[in-house]
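Working notes, beginning with the structure itself.
The values are calculated or read from the model by the stated rules, or taken from the named source; none is laboratory data. Source: prediction; values computed, not measured. Heads up, the Cβs are rebuilt from the backbone with ideal geometry, glycines too, and the neighbour counts pull from every protein chain shown.
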Amino acid sequence: MDHNIAKLRQDYNLKGLHEQDLNPNPFTQFKLWFDEALSASVIEPNAMHLSTVSNGRPSGRIVLLKDLDQTGFTFFTNYESKKAKELESNPFVALTFLWKELERQVRIEGKVEKTTDQESAEYFAVRPRGSQIGAWASAQSRHLENRAELEERTRLLEEQFAGSEVPRPPHWGGYRVIPHYFEFWQGRRSRLHDRLVYEQSNEGSWEIERLYP
């Protein structure tokens, strides 16, 4: 055992989480916590871990939340990437947000659906130009011989689109995660954390319960 790693620990004592503190709507509760993360200057509070499973094998990566409404959580990617292929084979996913500065974590489980072409185009239009070019330049998740190859592809695309708007690539767009489960986690002392979950009933209503930490 690496005892230096084993000794790493931090006790959490900022605040607790009680049932009466929760909004009955988990989307509203998430937005409340997200706004608090923004106010606390958490670095990239919209960074979320996206977990997928394909052929019984899990895979994970950090993506960025780009839209949130009472329907779901939206992110954008290359539809030919590894994650997109995994989503095609199994649309059920999990999201995890960690706001360490607030000693909070939110876990979400749900099913993805693609955003409309209009939604994808509207978001692509407001991306920085460099990111727009990058969406064309990157054959995401596929073999790249060296960095120079990517930089040359980018240079050629910058020349191709010089003086004009960069159109959205047909292989690039969004996914929306439609949740059926939320867990709000607040760190507490001695690892006796607060865990309150929302689960959706067959009728569509949200039921709240507390879990052992």
Breaking point among (1) surrounded by fewer than 17 Cβ atoms within 10 Å (Cβ to Cβ); (2) touching a Pro at 6+ places or on another chain (Cβ under 8 Å); (3) of a type in the set (Gly, Ala, Ser), for Ser89
(2)
It is to be established whether one or more residues within the range 100-109 are closer than 18 Å to Gly173 by Cβ and among the aliphatic types (A, V, I, L, M).
no
Across the range 35-49, the tally of residues that are over 9 Å from Trp99 (Cα atoms) and surrounded by 17 or more Cβ atoms within 10 Å (Cβ to Cβ) stands at 2
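Yes/no matrix, rows are residues, columns are (1) at pLDDT 95 or above; (2) assigned to a helix (DSSP H, G or I); (3) more than 17 Å from Glu80 (Cα to Cα):
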site	(1), (2), (3)
Gln140	no, no, no
Glu158	yes, yes, yes
Ser164	yes, no, yes
Pro169	yes, no, no
Tyr198	yes, no, yes
Asn202	no, no, yes
Would you be able to tell me the number of residues in the range 122-138 that are under 13 Å from Glu80 (Cβ atoms) and in a helix (DSSP H, G or I)?
2
Residue check, Gly60 against (1) surrounded by fewer than 18 Cβ atoms within 10 Å (Cβ to Cβ); (2) in contact (Cβ under 8 Å) with a residue 60 or more places away in the chain, all met but one. Which one?
(2)
Could you tell me whether Pro179 is under 27 Å from Gln70 (Cα atoms) and surrounded by 15 or more Cβ atoms within 10 Å (Cβ to Cβ)?
yes
Criterion violated by Glu101 - all others in (1) farther than 23 Å from Pro45 by Cα; (2) surrounded by fewer than 15 Cβ atoms within 10 Å (Cβ to Cβ); (3) touching a residue at least 24 places away in the same chain (Cβ under 8 Å) satisfied
(1)
State which residue is farthest from the chain's Cα centre (by Cα) when the search covers only the range 1-27 and only residues that are surrounded by 12 or more Cβ atoms within 10 Å (Cβ to Cβ) and in a helix (DSSP H, G or I).
Asp21
